[in-house]
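In what follows, a structure is listed as C-alpha cells, so that the remarks can point back to it.
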Amino acid sequence: MSETVAENEVADSLYKVIHIGPKAVSIPEDWGTAKLNEIARDSEKTFIDGDWVESEDMVPDGEYQLIQLGNIGEGHFKGECDKFVSEKFFNEKNCTLVEEGDLLISRLADPVLRTIIVPKFEKKSITAVDIVVAKVDETEWCKKYIWQLLNSKPLADAGNSLATGSTRQRISRSNMAEITIPSPPLPEQRRIADILSTVDEQIRQTDDIIEETKELRQGLRQDLVMEGVGHTSFESLFVGPFEYRIPQSWDVTTVGNCTINQDSERVPVKSSKREEMDGDIPYYGASGCIDYVDDYLFDGTFLLVSEDGKNLLRRTRPIAFKISVVSQSGLEFSSNWLP
C-alpha cells in the first residue's frame, strides 16, 4: 500500500493544475501557459474580429467572398461562400484580409470557440464580425496544435462559461483573449498534432465510406421514386429540362397541386437586425439554419426548399429539409435534411 501511495505522489508531482476558464485541468509540470491572444504574430490585425457586413453591402460575384458563421464547423470549413463584397468596400471599410492558413474562431455557440484553418480559395476572403481572425506566430506555436486545442472540450467549456446572452450565447474577443491555454514545447506541440491528425484521417476515410453509401442510397431512391417496383411499361416525364421514365399506370401532377406555397408570407430579417436579437428561434436560409431571432411566423411542419444561392446549382448540401415545432409550449425545433 505504501508503495502505491508513493507512486501516486511521484505521478502527481509530474503535473500541475491550471485553470482553463472556471475548470481546473492537469498539465505536465514542464509545460508553460499563455493567454489565447498570445498565439498571434506580433503585428497589427493578427487577433481581431471579422468585419461588419450588411446585406446591402454585398454585390454579385465581388472580388472578396464573405466567410460566414455557418461556414465555421467544428474543425472544418462547411459549405460554400455565396456572399461577396467589392474591392471598393474592402478598402473603404479597412477590412481584414483572411488568408490561407489563418485560424477562424467562432464567438457564438454552438460551441463557442469552434475553429477552422482557412483552406485555399480561388477568391480573396473576409469574414463576419462574430468570428475572430487569428494569424498564428509559428515560431512559437504549432498551428494544428492550437486548432486541435480550440476544438477540444476543455476549451469549448471555457468559451461557453464566458459567453453571455440569455439565449444566444456570445463571447467577446477581449474575454476570449484572456483564456489561459497550455503551452507545451514546440516539438511536443507538433507531435500531439501529428497523432491527432492521424486519427482525423482515419475518421475521414470512414466518412468517405459513409458518403459513398449515401450516394448509393440516393441513386436507389431516384430509381424507386421514379420507376416504382415491378413495373414493365413506362412513359417519359420531363421534370424541368430533365427526362425521366415513370410507369404508364402512374398519374402526374404539379408541386403546386400538392403543396401550399407560403413563400410570400416570409419576412426577411437583415443580418444587422439579427445581431441585435437574443432569441432562440431558428432563422433559415437557402442552406439551413443560419441564425436565431426573437419571434416566429410559422407554426407546424414545413418543407423548406432552396430557391437561390450557389448550392441550388452545385448541390454540395441538400436543397430541401423538413422543419417541425415539436413542442408547442417550449418551442423546440427539429429539422431533417432531405438529400
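For region 81-123, what are the residues that are among the charged types (D, E, K, R), farther than 19 Å from residue 142 by Cα and surrounded by 15 or more Cβ atoms within 10 Å (Cβ to Cβ)?
82, 83, 107, listed by residue number.
Find the residue count for region 15-37, including only residues that are touching a residue at least 60 places away in the same chain (Cβ under 8 Å), closer than 21 Å to residue 187 by Cβ and charged (D, E, K, R).
Total satisfying the criteria: 1.
So which strands (runs of 3 or more DSSP E) are wholly in region 75-143 and hold at least 2 residues that are of a type in the set (A, V, I, L, M)?
Qualifying strands (runs of 3 or more DSSP E): 103-106, 115-117, 131-134.
Just one of the numbered conditions (1) in contact with a Cys (Cβ under 9 Å, 6 or more places away or on another chain); (2) under 25 Å from residue 168 (Cα atoms) is not true of residue 116; which one?
(1)
Give 217, 170 a once-over and let me know the one that is touching a residue at least 12 places away in the same chain (Cβ under 8 Å) and farther than 21 Å from residue 27 by Cα.
Answer to the check: 170.
Working only within region 256-278, note down all residues that are under 32 Å from the mean Cα position of the chain (by Cα) and either modelled with pLDDT under 85 or in a helix (DSSP H, G or I) (or both).
Matches in region 256-278: 263, 264, 265, 266, 271, 272, 273, 274, 275, 276, 278.
Name, by its number, the condition in (1) buried (at least 20 other Cβ atoms within 10 Å of the Cβ); (2) over 15 Å from the mean Cα position of the chain (by Cα); (3) over 17 Å from residue 75 (Cα atoms) that does not hold for residue 128.
All conditions are met except number (2).
Condition test on residue 157, is it surrounded by 15 or more Cβ atoms within 10 Å (Cβ to Cβ), closer than 21 Å to residue 28 by Cα and either touching a residue at least 24 places away in the same chain (Cβ under 8 Å) or in the same structural domain as residue 275 (by TED's automatic domain parsing) (or both)?
Against the criterion (surrounded by 15 or more Cβ atoms within 10 Å (Cβ to Cβ), closer than 21 Å to residue 28 by Cα and either touching a residue at least 24 places away in the same chain (Cβ under 8 Å) or in the same structural domain as residue 275 (by TED's automatic domain parsing) (or both)), residue 157 qualifies.
For region 149-163: of the residues being touching a strand residue (DSSP E or B) at 6+ places or on another chain (Cβ under 9 Å) and more than 30 Å from residue 272 (Cα to Cα), which is modelled with the lowest pLDDT?
Filtering region 149-163 for residues that are touching a strand residue (DSSP E or B) at 6+ places or on another chain (Cβ under 9 Å) and more than 30 Å from residue 272 (Cα to Cα), the one modelled with the lowest pLDDT comes out as 154.
Given 56, 63, 29, which one is surrounded by fewer than 16 Cβ atoms within 10 Å (Cβ to Cβ), assigned by TED's automatic domain parsing to the domain that holds residue 83 and farther than 24 Å from residue 100 by Cα?
56
Restrict the check to region 135-143 and report whether at least one residue is at pLDDT 95 or above and closer than 26 Å to residue 292 by Cβ.
Looking through region 135-143, none of the residues is at pLDDT 95 or above and closer than 26 Å to residue 292 by Cβ.
The values are calculated or read from the model by the stated rules, or taken from the named source; none is laboratory data. Keep in mind that what you see is a predicted model, and the values were worked out from it rather than measured. Ideal geometry is used to build each Cβ from the backbone, glycine not excepted, and the neighbour counts take in all protein chains shown.
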